[in-house]
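The structure under discussion appears below in the form of structure tokens.
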Amino acid sequence: MEKFIKIVLSILFFLCLADMPYGFYQLVRFAGLIGFAILAYQANQQGRQTEMIIYGGLALLFQPFFKIALGREIWNIVDVVVGIGLLISIFIKPKESPR
């Protein structure tokens, strides 16, 4: 499930680089909020606190309720960096945390 969420979010973020209708960006914000919240919860359950904080921060960044106005160019950079980061994280095995 974790890999699926990361792949779907990555695809959505890369599609944000195209000229899409405003509703698509709203959809991406909701998907980002939900997807990153699930990833943060899963990371917390597995004792991966650093990942939990990163995913929680990304959930707050992409949440659609209190929008963060960064401008189109900066959002494009954020989308690419986060999309690439998600794809890379699929292939990196997380370190086991002591409990």
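Mean projection of the alpha-carbon convex hull of segment 2-91 over all orientations, in nm²?
5.4 nm²
Listing Arg72, Arg48 from the residue with the fewest other Cβ atoms within 10 Å to the one with the most, what is the order?
Arg72, Arg48
Work through the residues other than Phe91 whose Cβ is under 11 Å from its Cβ and net out their charges, Lys, Arg +1 and Asp, Glu -1.
Taking every Cβ under 11 Å from that of Phe91, the sum is +3.
What are the ³J(HN,Hα) values, in whole Hz, obtained from phi via the Karplus relation 6.51 cos²θ - 1.76 cosθ + 1.60 with θ = phi - 60°, for each residue of segment 15-27 in sequence order, with x given for Gly and Pro?
Computed from phi, the couplings for segment 15-27 are 5, 5, 6, 7, 7, 10, x, 4, x, 5, 5, 5, 4 Hz.
Helix 49-62 against the longest principal axis of the chain: what's the angle in degrees, Cα atoms only, rounded to the nearest 10?
10 degrees
Note down the relative contact order for the chain as a percent, whole number, built from C-alpha pairs under 8 angstrom at least six residues apart.
39 percent
With each run of n ≥ 4 DSSP H residues scored as -39500 (n - 2.57), what mean residue ellipticity at 222 nm is computed for the chain after dividing by its residue count and rounding to the nearest 500 deg cm²/dmol?
-24500 deg cm²/dmol
Under a Cβ-Cβ cut-off of 14 Å, what is the net charge of the residues other than Arg29 that fall near it, where Lys and Arg count +1 and Asp and Glu count -1?
Charge balance in the 14 Å sphere: 0.
Enter the Cα centre distance for the pair segment 56-80 and segment 1-34, rounded to the nearest angstrom.
One Cα centre to the other: 11 Å.
Would you please name the chymotrypsin sites (Phe, Trp or Tyr not before Pro) within segment 3-99 that are DSSP coil residues with at most 11 other C-beta atoms within 10 Å of their C-beta?
In loop regions of segment 3-99 (DSSP not H, G, I, E or B), the sparsely surrounded chymotrypsin sites (Phe, Trp or Tyr not before Pro) are Phe65, Phe66.
Only the coordinates and a few stated rules stand behind these numbers; no lab work does. These figures come from a predicted structure and were not determined experimentally. Cβ: placed from backbone, ideal geometry, glycine included. Neighbour counts: every protein chain shown.
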